[in-house]
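Student: I am attaching a structure below and will ask some questions about it afterwards.
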Amino acid sequence: MREPRIIAISLAFLGASIASAEWANIPTASLAADSDLIVVAELSSHEAVERLDRTYESADLRVRRVIHGRVRAGEILRLQWDNETTIACPRVVHADAVGRTHVWLLKFAAHSTVRADYPGRRIDLTRFAVEGALREIRNHKPLSSHRVVEALAEHLSNVLAELPETDEPVQD
C-alpha cells in the first residue's frame, strides 16, 4: 500500500522538475527592445571547453546586414554562451546553427563579445519562424511601436516576402 504512494510522490517531483526545466516565454518584441545589436549573420568556427561544472562555448558571427546597433556589414563578432554541464535542459544551443544565417538579437558582453542567452534571440530564416516572430511582435502592443522593434518587424516582413511557400531556410 505504501509503494503506490511513494511512486506517486516520486512522479509528482519528477513532473515538477521537468516543468521547471523549461524556458520562460519572453516575447520577441521584448527581446528586440532589450537588444544592443540586431544583425543578420552567419555562425562559424564553433568551440566548446568544459571547466568544472560549466561548458563554455563560442563562435564567430559574420555580419551580413545590420538592423540595429553600431556594427558594420562584414564585421566578425565573437558570440559566447555557457551552460551548466550537469543540466540537460534548458540549455542555450547555437552549435546547430554553424554555417547558417539567422537574425540575431544580441547583448554586449565583456571583452568585446556578444551574447544570445535565450533561444528567442536567434530567429531562423524559415517561413514558420519568421511568421511566428512577426505574429509575436504584432501581438505585443506595448512594444510594437518601439523604434528597434519596428525595424526588426520591417526586416522580417521583407524576408517573409522573399521566402518560398515551403519552409526551407534561405540565406540572406
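Student: Under 6 Å between Cβ atoms, which residue pairs at least 6 apart in sequence (or on different chains) link something in the range 116-144 that is under 11 Å from Leu156 (Cβ atoms) with a partner that is among the β-branched types (Val, Ile, Thr) and surrounded by fewer than 18 Cβ atoms within 10 Å (Cβ to Cβ)?
Tutor: Close Cβ pairs (under 6 Å, with a partner that is among the β-branched types (Val, Ile, Thr) and surrounded by fewer than 18 Cβ atoms within 10 Å (Cβ to Cβ)) amount to Leu125/Val170.
Student: Another question about this same structure. So for the range 98-107 (the condition being touching a residue at least 40 places away in the same chain (Cβ under 8 Å) and of a type in the set (D, E, K, R)), does at least one residue qualify? Don't jump to the end; show me each part of the working.
Tutor: Here is the first cut: in the range 98-107, the ones touching a residue at least 40 places away in the same chain (Cβ under 8 Å) are 98-107.
Add one more test, that the residue is of a type in the set (D, E, K, R), and what stays is 100, 107.
Taking every residue of the range 98-107 in turn, at least one turns out to be touching a residue at least 40 places away in the same chain (Cβ under 8 Å) and of a type in the set (D, E, K, R).
Student: Could you tell me whether any residue of the range 80-87 is within 20 Å of Glu47 (Cβ to Cβ), at pLDDT 90 or above and part of a strand (DSSP E or B)?
Tutor: no
Student: Taking His94 and the conditions (1) at pLDDT 80 or above; (2) surrounded by 18 or more Cβ atoms within 10 Å (Cβ to Cβ), which numbered condition does it fall short on, given that it satisfies the others?
Tutor: Of everything listed in (1) at pLDDT 80 or above; (2) surrounded by 18 or more Cβ atoms within 10 Å (Cβ to Cβ), His94 misses just condition (1).
Student: Within the range 140-153, restricting attention to residues that are in a helix (DSSP H, G or I) and within 19 Å of the chain's Cα centre (by Cα), which residue is nearest to Trp104 (Cα to Cα)?
Tutor: That would be Leu152.
Student: Additional query: Out of (1) within 26 Å of Ala48 (Cβ to Cβ); (2) at pLDDT 90 or above; (3) surrounded by fewer than 17 Cβ atoms within 10 Å (Cβ to Cβ); (4) not hydrophobic (A, V, I, L, M, F, W, C), the odd one out for Arg135 is which?
Tutor: (1)
Student: Sort through Ala59, Ala110 and tell me the only one that's assigned to a strand (DSSP E or B), over 12 Å from the mean Cα position of the chain (by Cα) and either modelled with pLDDT of 95 or more or of a type in the set (A, V, I, L, M) (or both).
Tutor: Just a single option satisfies the conditions, and that option is Ala59.
Student: Would you confirm whether any residue within the range 47-61 is in contact (Cβ under 8 Å) with a residue 60 or more places away in the chain, farther than 30 Å from Lys141 by Cβ, charged (D, E, K, R) and out of contact with any Ser or Thr (no Cβ under 9 Å at 6 or more places or on another chain)?
Tutor: no
Student: Let me ask another. Give just the number: which of (1) out of contact with any Ser or Thr (no Cβ under 7 Å at 6 or more places or on another chain); (2) part of a strand (DSSP E or B); (3) at pLDDT 90 or above does Ala129 not satisfy?
Tutor: Result: Ala129 passes all but (2).
The values are calculated or read from the model by the stated rules, or taken from the named source; none is laboratory data. Here the structure is a predicted model, which is why all the values come from computation and not from measurement. Positions of Cβ are backbone-derived with ideal geometry, glycine not excepted, and every protein chain shown enters the neighbour counts.
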